[in-house]
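Quick notes on the structure that follows.
Throughout, read-outs are computed from the coordinates displayed, never taken from laboratory work. Predicted model only: the values in this text are computed from it and were never measured. Heads up, the Cβs are rebuilt from the backbone with ideal geometry, glycines too, and the neighbour counts pull from every protein chain shown.
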Amino acid sequence: IEYTVSHDAQVKLEVYSMIGDKINTLVNDNQQTGKYKFNLNASNRKLSNGVYFIKLTVGNDSFTKRVVVIQ
């Protein structure tokens, strides 16, 4: 998962199920301006095959993307 932080801010990267339950918080930290990369290993995160949503929150802005896990 690659993302860019356009200004120093509190950043959260979270995984949600199809029904909106939070599965895991991958990042919860203050980050400086820059590009970041998070390698999501589904087996280490105990994610079974299926559709999930990745929510990135930077300060007051949030973005959501759908991902499919196939192992």
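Would segment 36-46 turn up any residue that is aliphatic (A, V, I, L, M), within 16 Å of VAL67 (Cα to Cα) and out of contact with any Cys (no Cβ under 9 Å at 6 or more places or on another chain)?
Of the residues in segment 36-46, the ones aliphatic (A, V, I, L, M) are 40, 42.
Still in the list and also within 16 Å of VAL67 (Cα to Cα): 40, 42.
The next check asks that each one be out of contact with any Cys (no Cβ under 9 Å at 6 or more places or on another chain); those that pass are 40, 42.
So far as segment 36-46 goes, yes, one or more of its residues are aliphatic (A, V, I, L, M), within 16 Å of VAL67 (Cα to Cα) and out of contact with any Cys (no Cβ under 9 Å at 6 or more places or on another chain).
For segment 46-62, give me each residue that is under 14 Å from TYR16 (Cβ atoms) and either among the basic types (Lys, Arg) or in contact (Cβ under 8 Å) with a residue 60 or more places away in the chain (or both).
LYS55
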